[in-house]
1. Restricted to region 62-76, and to residues that are in contact (Cβ under 8 Å) with a residue 40 or more places away in the chain and in contact with a Phe, Trp or Tyr (Cβ under 9 Å, 6 or more places away or on another chain), which residue is surrounded by the most Cβ atoms within 10 Å (Cβ to Cβ)?
2. Could you go through region 77-84 and let me know if any residue there is crowded, with 16+ Cβ neighbours inside 10 Å and within 15 Å of GLN57 (Cβ to Cβ).
3. Consider ALA144 carefully, then state whether it is closer than 28 Å to ASN102 by Cα and either touching a strand residue (DSSP E or B) at 6+ places or on another chain (Cβ under 9 Å) or at pLDDT below 95 (or both).
4. Of all residues in region 65-102, which are outside any helix (DSSP H, G or I) and closer than 26 Å to TRP179 by Cβ?
5. Would you be able to say whether some residue in region 105-127 is buried (at least 17 other Cβ atoms within 10 Å of the Cβ), outside any strand (DSSP E or B) and modelled with pLDDT of 95 or more?
6. Using the structure shown, decide if ALA28 is modelled with pLDDT of 95 or more and part of a helix (DSSP H, G or I).
Amino acid sequence: MIRRFSSSDAGQAFPIYITVVGGLLFLAFAYLAVGQAAANRNGAQTAADAAALAAAQERRDQLSGAWVENILDHEKWQDIFDGVAEGLTPTCWRAEQLAAGNDATVLSCNADGLLSYTVEVRTNKAVGHSIVPGTETKKSRATATAVIEPRCGFEPPAAEEGADAEELPTLNCKGGIDWELDPEAPADLLPQPEDLFDVHLAG
């Protein structure tokens with residue numbers, strides 16, 4: 001038997017339709033709020049990663065410069081590879097520069113020992129308006145640590161009678177690369193900062 005819907009049936013279905021549509025809209029806005037928060041957190045982590053790497057890379061470059069300046073004094077090499085050298089200057093300004101480039105602000109930048117930096121940042125922009133109360137002023141924070149690792153080792157020349165006092169050790173570096181050093185060579189033919197040290201995020 002065929003049933004015909006009356007106007008009263010349609011009237012009863014309309015509130016159900018409104019409820020369903022309202023629920024779907026609520027879910028859509030909820031997903032949007034979650035997406036906004038996730039994007040804001042990702043932006044904070046990107047800024048923290050870049051800031052920590054920048055501070056560590058600046059220290060790497062300083063250490064590499066110190067090694068070049070002391071290339072004839074191999075007794076200082078190990079200290080330099082361990083992160084100790086004269087004339088080193090603060091490097092957190094590079095973290096602040098990179099954080100600003102990623103629309104964030106550095107809250108703290110600390111050297112964890114001689115060859116590691118930890119940076120905490122906060123996004124400059126809030127999550128934005130959403131159905132979740134308080135997100136219009138909520139800013140994300142993130143922390144990252146970057147580590148500097150020497151890539152090379154060396155064996156000091158044997159102190160033998162008649163040995164050449166100006167003989168330099170061979171640098172044995174990762175990847176099976178050995179550097180036979182000539183202090184008279186142009187600077188661009190000497191090991192570069194990335195040859196001497198790795199810089200990477202911890203973890």
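The values are calculated or read from the model by the stated rules, or taken from the named source; none is laboratory data. All of these numbers come straight from a predicted model, not from anything done at the bench. Counting neighbours? That spans all protein chains shown, and the Cβs are built from the backbone with ideal geometry, glycine included.
1. Looking at residues that are in contact (Cβ under 8 Å) with a residue 40 or more places away in the chain and in contact with a Phe, Trp or Tyr (Cβ under 9 Å, 6 or more places away or on another chain), I get LEU63.
2. yes
3. On the way: closer than 28 Å to ASN102 by Cα: yes; either touching a strand residue (DSSP E or B) at 6+ places or on another chain (Cβ under 9 Å) or at pLDDT below 95 (or both): yes.
Here the answer is yes, as ALA144 does meet what is asked.
4. Filtering region 65-102 for residues outside any helix (DSSP H, G or I) gives 70-73, 82-91, 102.
Within region 65-102, ASN70, ILE71, LEU72, ASP73, ASP82, GLY83, VAL84, ALA85, GLU86, GLY87, LEU88, THR91 qualify.
5. Among the residues of region 105-127, at least one is buried (at least 17 other Cβ atoms within 10 Å of the Cβ), outside any strand (DSSP E or B) and modelled with pLDDT of 95 or more, which makes the answer yes.
6. no
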